[in-house]
Amino acid sequence: MSYKKIRNAADLVMNNCGPAEIAVILGSGLGGFEQVLKQPIEIAYEDIPGFPVSTVPGHAGRFVVGTIAGKRVLVMAGRFHSYEGYSMKQVTLPVRVMSLMGVKTLIVTNAAGAVNVSYQPGDLIILSDFINFSGKNPLRGKNMDKFGPRFPDMTNAFDRELRQIALLEGQRLGISVKEGVYTWFNGPCYETPAEIRMTRILGGDVVGMSTVPETIVARHCDMKVLGISSVTNMAAGVLDTPIHHEEVLAAGAAVRESFKKLVTAVIETMPMPELVEM
């Protein structure tokens, strides 16, 4: 999609919902966080030009903009995945739109399977880094110079200060919060036991089918990123049981209140970003 079309989409959302400083992308089973927003205004994806529509159960299809602790927050209730047949440009289009709306901090969340055997369902994992096993990159092709450089640095893909805030707030709230590395597989099939053993050897702690494309594009746009995985199941081969999406959604729902408390506390605690009219 061209810059002009992204600009038009951002202007439409801004005209309907206003600008935002912080954005939150909700993963599977984590919907409902938008209910904590004060004075929320929403817009359906189908009303935003060029936007795809999420086809996965557990993902709503709307932007909701409101306030938390006086900060303007955009919640993306329902994300897009490449396994749905969307291109990397489509999957990451919302992040480009967020950037043009003034978003400087992105909290990207997901449901994930635990590779690290010290984790258990219900844990919230603050992401310290990622491994890209997909073979895909959303920045492939002509660089969009208006957003960022041709070769963006990923040394601190997930912001150190935000990670520290999340860990401290989790401890303060008595929530089971740990730190680990996220590994992105294409999906939509779950990983094999052999792939999980490989991931463990290479340093991955959780696996999933999202998050990395949005993180890469957010860093390209010079956003600070905080990643949070909700452990919904042990990865393939850790336990001798099959994995079902319905169970993933149910496990995500079970941790929803803890997730709400943690993300709200992080937003309340993080430094106030400068709101820029784009």
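A few notes on this one:
- The amide H of M234, built 1.01 Å from its N in the peptide plane, has A114 as neighbours under 5 Å, considering only residues 5 or more places off or on other chains.
- Taking the longest Cα principal axis of the chain as reference, the axis of helix 88-100 is set at about 50 degrees.
- The range 16-132 - Rg over Rh from alpha carbon coordinates, Kirkwood radius: 0.97
- Viscosity 1.567 mPa s, 4 °C: Kirkwood-radius Stokes-Einstein D of the range 1-66 over Cα pairs, µm²/s: 101
- Residues S230, S54, S118, S87, sorted so that the one with the fewest Cβ neighbours within 10 Å comes first: S118, S87, S54, S230
- Share antiparallel - DSSP beta bridges, the range 1-149, percent rounded to 5: 60
- Under the shape rule built on the C-alpha gyration tensor, where the axes satisfy a ≥ b ≥ c, the range 87-214 is oblate, since a/c reaches at least 1.5 while a/b does not exceed b/c.
- A crude spin-label estimate for the pair R7 and L168, with each label 7 Å from Cα along the Cβ direction, gives 4.1 nm.
- Mean projection area, nm², convex hull over Cα of the range 140-228: 7.5
- Summarised as an ellipsoid, the range 3-269 has semi-axes of 27, 21, 18 Å, derived from the eigenvalues of the Cα gyration tensor scaled by 5 and square-rooted, with the largest first.
- Ordering C189, C17 by the number of other Cβ atoms within 10 Å of each residue's own Cβ, fewest first, gives C189, C17.
- R140, R7 arranged by Cβ crowding within 10 Å, fewest neighbours leading: R140, R7
- Restraint check, K178/K261; K71/K142; K89/K261; K38/K224, Cα-Cα greater than 25 Å: K71/K142; K89/K261
- Helix-only [θ]222 nm of the chain, DSSP H runs n ≥ 4, -39500 (n - 2.57) each, per residue, nearest 500: -9500 deg cm²/dmol
- Proximity of backbone amide H atoms, modeled 1.01 Å from N, is registered between I131 and Y182, T183, W184 at under 5 Å, excluding neighbours fewer than 5 places apart on the same chain.
Every read-out reported here was derived from the displayed coordinates using simple, explicitly stated rules and does not represent laboratory data. Note that the structure is a prediction, hence the values are computed from the model and not measured. Cβ: placed from backbone, ideal geometry, glycine included. Neighbour counts: every protein chain shown.
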